[in-house]
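Have a look at the structure below before the remarks.
The values are calculated or read from the model by the stated rules, or taken from the named source; none is laboratory data. All values reported here derive from a predicted model rather than from experimental measurement. Cβ: placed from backbone, ideal geometry, glycine included. Neighbour counts: every protein chain shown.
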């Protein structure tokens, strides 16, 4: 599963898009997004501070556990469960202005208004954006002169 993060820039909040494949979202965009979950796994260590431990709720004599270190596996592609977070949305090309018929579904964490503001005029084709919590929006393609 691909996870694309568009950081906040002062005018809009952060947007996180989840897709089964990074190619699915990039098929609509002129400038491709990068998968935030790409990267190598690594074994990391962390420090566990000293603390008290009881054998049970009625234990009147807790023991002291000394500070120690623990090793763990850090994997940026780690996934737990099948659910994708956020709201679902669909992108579909406008056949009146596009020469290709594409339709893909994704999920996102963020505001719809920020999504529309960021992706308008960044599409390869005129594209309809259907969020699950609102009406249809039209995202326009990138102008040929770049303006």
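Descriptive notes on the structure:
- Test result for residue 27, touching a residue at least 24 places away in the same chain (Cβ under 8 Å), surrounded by 10 or more Cβ atoms within 10 Å (Cβ to Cβ) and more than 15 Å from the chain's Cα centre (by Cα): yes
- The stretch 47-62, subset surrounded by 10 or more Cβ atoms within 10 Å (Cβ to Cβ) and in contact with a strand residue (DSSP E or B) (Cβ under 6 Å, 6 or more places away or on another chain), residue farthest from residue 123 (Cα to Cα): 62
- Residue tally, condition at pLDDT 85 or above and out of contact with any strand residue (DSSP E or B) (no Cβ under 8 Å at 6 or more places or on another chain), over the stretch 66-98: 3
- The listed residues are 68, 88, 132, and the only one of them that is loosely packed, with under 15 Cβ neighbours inside 10 Å and assigned by TED's automatic domain parsing to the domain that holds residue 46 turns out to be 68.
- Listed by position, the strands (runs of 3 or more DSSP E) enclosed by the stretch 1-114 that each have at least 1 residues that are under 23 Å from residue 128 (Cβ atoms) are 2-6, 15-19, 87-93, 103-109.
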